[in-house]
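Participant: Attaching a single structure in C-alpha cells format; questions to follow.
The values are calculated or read from the model by the stated rules, or taken from the named source; none is laboratory data. Keep in mind that what you see is a predicted model, and the values were worked out from it rather than measured. Every residue, glycine among them, receives a Cβ derived from its backbone with ideal geometry; neighbour counts consider all protein chains shown.
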Amino acid sequence: MRQTVALPLFAACLALAMPAQAADPAPEIQRPAGAPQAVGVVHSLRQIPEACARLEGAFTGDATQPYRYAPVRTSPQCQPRARFIDFDKAKPSVATGWKLNDVIRVPNAACPSQQAVVRVWRKPGSATPPPLDGQGQSRIYLQEAKQQAGAAAQAPSLTLYAAKLEVEGKACK
C-alpha cells in the first residue's frame, strides 16, 4: 500500500520539475560566480576567440542601468571564424538551434545582494576547418578552394554568438 502512494507522488513531483528545467537549459560551460567587481571598474567577462571578441562589463552605480556590457574587438588583425550578433535581432532559443553556451555571474562589490548575469548563446555553423595534413597543419589550397566554392550551392555558415544581460537581486541605496 505504501509503494502505491509513493510512486504517483514521486511522478507528480517529477512532472512539476520538468517545465522548470525545460525553460532554462544547462549551459555548455559550467563556471562559478566571478569575483565581486567595484562600481566603475571595467572588467572582462569572457573571451570568444573565434569571433575575435571579448565581452567587457562594468557596474555603473546608476539605478536605472546598474550594469553595462559590450563586445569589444580583440585585435584588428584577427580573422573571425564566428560572428557576435545582437540578442534582440537573433532571438536565440533551443527550438531554433541555439545552445546556451555560458552563464556568467558577476557580484557587485558595493552591493552584495546584486549581481549581473550574462547568458551567452551559441548557434553552431556548418563551416569546418579542413582536415590536418601529414605535417599536422590545416591548409587551404587556392585551386581546391575555388573548385569547392564553384560546386557548393550554399556557402557554409559561421557559428553565431549572442548575449543577454540581466541584473538580479535588490539594489542597494
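Participant: Just to be sure, is R54 out of contact with any helix residue (DSSP H, G or I) (no Cβ under 6 Å at 6 or more places or on another chain), of a type in the set (K, R) and surrounded by 14 or more Cβ atoms within 10 Å (Cβ to Cβ)? Before the answer, list the steps.
Facilitator: Details: out of contact with any helix residue (DSSP H, G or I) (no Cβ under 6 Å at 6 or more places or on another chain): yes; of a type in the set (K, R): yes; surrounded by 14 or more Cβ atoms within 10 Å (Cβ to Cβ): yes.
Judged against the criteria, R54 is a match.
Participant: When the range 66-80 is examined, which residues are found to be in contact with a Ser or Thr (Cβ under 7 Å, 6 or more places away or on another chain) and of a type in the set (D, E, K, R)?
Facilitator: Within the range 66-80, the subset in contact with a Ser or Thr (Cβ under 7 Å, 6 or more places away or on another chain) is 66-68.
Listed by number, the list holds a single entry, R68.
Participant: Next up: Being in contact (Cβ under 8 Å) with a residue 60 or more places away in the chain and either within 15 Å of the chain's Cα centre (by Cα) or assigned to a strand (DSSP E or B) (or both) is the filter here; which residues of the range 70-88 pass it?
Facilitator: P71, A82, R83, F84, I85, D86, F87
Participant: Tally up the residues in the range 35-63 that are touching a residue at least 60 places away in the same chain (Cβ under 8 Å), outside any strand (DSSP E or B) and over 17 Å from R105 (Cβ atoms), please.
Facilitator: Of the residues in that region, 3 qualify.
Participant: Looking at this structure, is P124 farther than 23 Å from I48 by Cα and either touching a residue at least 24 places away in the same chain (Cβ under 8 Å) or crowded, with 16+ Cβ neighbours inside 10 Å (or both)? So that I can check it myself, show each step before the final result.
Facilitator: On the way: farther than 23 Å from I48 by Cα: no; either touching a residue at least 24 places away in the same chain (Cβ under 8 Å) or crowded, with 16+ Cβ neighbours inside 10 Å (or both): yes.
In short, no.
Participant: Could you list, in sequence order, the residues of the range 24-54 that are farther than 23 Å from A82 by Cα, out of contact with any His (no Cβ under 9 Å at 6 or more places or on another chain) and among the small types (G, A, S)?
Facilitator: Of everything in the range 24-54, those that are farther than 23 Å from A82 by Cα, out of contact with any His (no Cβ under 9 Å at 6 or more places or on another chain) and among the small types (G, A, S) turn out to be A33, A38, G40.
Participant: Which residues, counting only those in the range 95-107, are at pLDDT 95 or above and more than 23 Å from P49 (Cβ to Cβ)?
Facilitator: Passing the criteria: only P107.
Participant: Determine whether the range 153-164 contains at least one residue that is under 23 Å from R31 (Cβ atoms), surrounded by fewer than 18 Cβ atoms within 10 Å (Cβ to Cβ) and more than 20 Å from the chain's Cα centre (by Cα).
Facilitator: Taking every residue of the range 153-164 in turn, none turns out to be under 23 Å from R31 (Cβ atoms), surrounded by fewer than 18 Cβ atoms within 10 Å (Cβ to Cβ) and more than 20 Å from the chain's Cα centre (by Cα).
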